[in-house]
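Heads up, the thing below is written out as structure tokens.
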Amino acid sequence: MKVLITGMDGYLGWTLSMYLTERGHEVIGIDNFSRRKNVAEVGSWSATPIKPMKERLKAFKDVFGKEPIFYEGDLTHYDFTRLIVENHKPDTIIHLGEQPCAPYSMIDVYHCNFTMMNNILGTNNLLFAIHHYSPKTHLLKLGTMGEYGTPNIDIPEGFFEIEYHGRKDRLPFPRQPGSWYHQTKVHDSHNILFACKIWDLRSTDIMQGVVHGIKTPQMTDERLLTRFDFDEMWGTALNRFCAQAVIGHDLTPYGKGEQTRGYLALRDSMQCLTLATENPPDEGEYRVFNQYDECYSVNELAEHVVKAANDFGAEVKIWNVPNPRVEAEEHYYNPANENLKKLGFKPTHTLDQELEITLSELMKYKDRISAKKDRILPTVFWRK
Ligand code: NAD
Ligand code: USQ
């Protein structure tokens with residue numbers, strides 16, 4: 001299949017470009033390198049020393065015998081987005097090219113507005129470009145489990161049957177996101193659903209949980225490593241705990257630490273996105289997949305990391321720091337994740353096996369983490 005990956009320079013996008021190429025797909029990529037700039041803006045960097053795109057593509061060719069076609073550009077510029085969709089008419093667009101960070105979106109009005117504009121306009125431009133120039137293209141869009149929030153009832157995959165005042169309907173499940181970033185994903189979901197309805201587009205809206213891990217089997221050369229962030233803003237929970245363990249920093253579950261989310265390994269995210277790509281929806285179909293492996297509270301994650309670090313001979317403590325976010329610290333959480341399993345999704349590693357791989361790989365970059373250890377504790381507060 002011909003697959004366009006937006007956000008190909010990112011954590012998931014770079015990894016996916018190799019995974020899909022190895023499976024025989026033709027990959028085209030887009031990125032505007034905003035992630036690199038935005039991480040630098042807050043004084044941080046990736047623990048893994050990621051190469052400029054030119055060197056990445058050279059390494060790609062050395063290892064895989066060919067490299068993706070790559071375009072530097074901004075999805076919020078309609079003419080750029082349109083031209084690529086029109087010229088390539090991909091079978092699938094895997095849309096990862098958004099600002100993905102909740103704390104960054106909460107800094108102030110400018111960062112909130114940037115996130116709103118970037119994410120919502122980029123997705124809208126893709127919808128219009130697909131409609132006018134490549135209407136058979138499957139839009140596989142990365143949303144987030146955080147769109148649902150933490151309701152006190154089970155979470156279905158996108159839709160639920162409801163009876164109200166004696167009448168029944170199948171409706172989108174209520175969304176209660178917890179940051180301006182998560183809000184943008186909800187707006188995207190509404191726009192995609194609407195576009196599928198009026199223009200008969202086909203789309204899979206992926207509600208993905210938090211991704212963790214540093215390496216996939218395709219990264220056989222250091223030049224092929226993907227980014228790995230660990231600072232208060234850009235690092236996600238489990239990746240942060242691993243980086244903290246490597247430098248002997250206390251692990252930082254926020255508040256009571258019973259916040260529970262769905263998590264999955266980077267390699268499993270690749271497997272899921274590929275399954276959704278290779279099993280597209282029908283014309284006019286808007287479907288939702290909840291994409292995660294297991295649910296854990298942040299306290300449980302920290303305990304797993306303490307155990308894995310002990311196996312490496314490292315003593316690590318847990319420090320429940322005051323929560324910078326506004327979120328339930330104890331709650332019910334039971335989301336469904338059957339759709340991807342029905343297509344064959346099976347995780348290949350346990351959490352503890354994945355942690356062992358992450359910690360041993362991360363040890364190599366201990367100095368880079370230490371150099372930015374002042375960027376670990378939270379400074380962005382939701383109520384500020
Ligand atoms: P990332 O920031 O590493 O990758 C996104 C890439 O998109 C970056 O390289 C960035 O430069 C690029 N980009 C952003 N805006 C762009 C624009 N307007 N034009 C062109 N390129 C643009 O993020 P990631 O962790 O790889 O996440 C990928 C997607 O998956 C995001 O949409 C994110 O919201 C979603 N997601 C991520 C996770 C996770 O835990 N990493 C979990 C759930 C959902
Ligand atoms: N958390 C801690 N300690 C930390 C960091 C985070 O307790 O040091 C807690 C947070 O308060 C939150 C949970 O861990 O309750 C998850 O936080 P996170 O930073 O790992 O994830 P989040 O901000 O939700 O965002 C990440 C990705 C985003 C994706 C989302 C999936 O950055 O792109 O959409 O995970 S989900 O969480 O399912 O919405």
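The values are calculated or read from the model by the stated rules, or taken from the named source; none is laboratory data. The structure displayed is predicted, hence computed values, not measured ones. In this analysis, Cβ positions are derived from the backbone assuming ideal geometry, glycine residues included, and neighbour counts consider all displayed protein chains. These area figures cover heavy atoms from the full protein model, side chains too; ligands, DNA and RNA do not enter into them. Shrake-Rupley method; radii C 1.70, N 1.55, O 1.52, S 1.80 Å.
Quick notes
- Rounded to whole numbers, the Karplus 3J(HN,Hα) couplings from phi for the stretch 92-100 are 9, 10, 9, 9, 10, x, 9, 7, x Hz, using 6.51 cos²θ - 1.76 cosθ + 1.60 with θ = phi - 60°, and x at Gly and Pro.
- Theoretical FRET efficiency, 1/(1+(r/R0)^6), r = Cβ-Cβ of LYS197 and LEU121, R0 22 Å, to 0.05: 0.60
- Extension gain for GLN353-GLU329 works out to 5.9 nm (0.36 nm per residue, less the C-alpha to C-alpha distance).
- Annotation: aspartates and glutamates with alpha-carbon distance below 19 angstrom to LYS58 (same-chain offsets under eight excluded): ASP9, GLU22, GLU26, ASP31, GLU67, GLU72, ASP221, GLU222.
- Long pairs among LYS2/LYS66; LYS2/LYS141; LYS317/LYS366; LYS66/LYS141; LYS141/LYS185; LYS61/LYS136, criterion Cα-Cα beyond 21 Å: LYS66/LYS141; LYS61/LYS136
- Label separation (LYS2 vs GLU258): 5.3 nm, computed from points 7 Å beyond Cα along the C-beta direction.
- Percent of beta bridges antiparallel (DSSP, the chain, rounded to nearest 5): 20
- Prolate/oblate/rounded label for the chain (Cα gyration tensor, a/c 1.5): oblate
- The chain: most fluctuating residue of GLY149, GLY313, GLY248 per GNM, C-alpha cutoff 10 Å: GLY313
- Over all other residues within a Cβ to Cβ distance under 14 Å of PRO253, the charged ones net out to -3, with Lys and Arg as +1 and Asp and Glu as -1.
- Gyration tensor verdict on the stretch 163-236 (Cα atoms; rounded if a/c is under 1.5, prolate if a/b is larger than b/c, oblate otherwise): prolate
- Across the stretch 140-150, computed HN-Hα scalar couplings (Karplus, 6.51 cos²θ - 1.76 cosθ + 1.60, θ = phi - 60°) run 9, 10, 7, x, 8, 4, x, 5, 7, x, 10 Hz from first to last residue, x flagging Gly and Pro.
- Multiplying the residue separation of SER360 and LEU83 by 0.36 nm and removing their Cα-Cα distance gives an extension gain of 95.4 nm.
- Length available on full extension from LYS346 to LYS66: 0.36 nm per residue minus the Cα-Cα distance, which gives 97.9 nm.
- Each Lys or Arg adds one and each Asp or Glu subtracts one; over the other residues with Cβ under 13 Å from the Cβ of ASN337, this totals -2.
- 3J(HN,Hα) along the stretch 245-260, derived from phi through the Karplus expression 6.51 cos²θ - 1.76 cosθ + 1.60 where θ = phi - 60°, amounts to 4, 4, 9, x, 7, 4, 6, 10, x, 7, x, 5, x, 9, 4, 10 Hz, with x in place of Gly and Pro.
- Packing here is the average count of other Cβ atoms within 10 Å per residue, and on that basis the peptides 234-241, 372-379, 135-142, 188-195, highest first, run 234-241, 135-142, 188-195, 372-379.
- FRET efficiency estimate (nearest 0.05) - Cβ-Cβ, TRP319 to ARG383, R0 25 angstrom: 0.70
- Taking label points 7 Å from Cα along the Cα-to-Cβ direction, ASN299 and VAL109 give a separation of 4.0 nm.
- Only helices enter the 222 nm calculation for the chain: every DSSP H run of n ≥ 4 contributes -39,500 (n - 2.57), and dividing by all residues gives -11500 deg cm²/dmol, rounded to 500.
- Accessible surface of the stretch 2-375, 1.4 Å probe: 51 percent of it comes from carbon and sulfur atoms.
- Max mean-square fluctuation residue, GNM over the chain, Cα-Cα springs under 10 Å, options PRO335, PRO103, PRO52: PRO52
- Cut-off 11 Å between beta-carbons: net charge of the residues surrounding LYS372, Lys and Arg +1, Asp and Glu -1: -2
- Per residue accessible area in Å² of the stretch 2-375, where ligands, DNA and RNA are left out and the probe is 1.4 Å: 41
- Most mobile listed residue (ASN323, ASN119, ASN290) in the chain, GNM with C-alpha springs under 10 Å: ASN323
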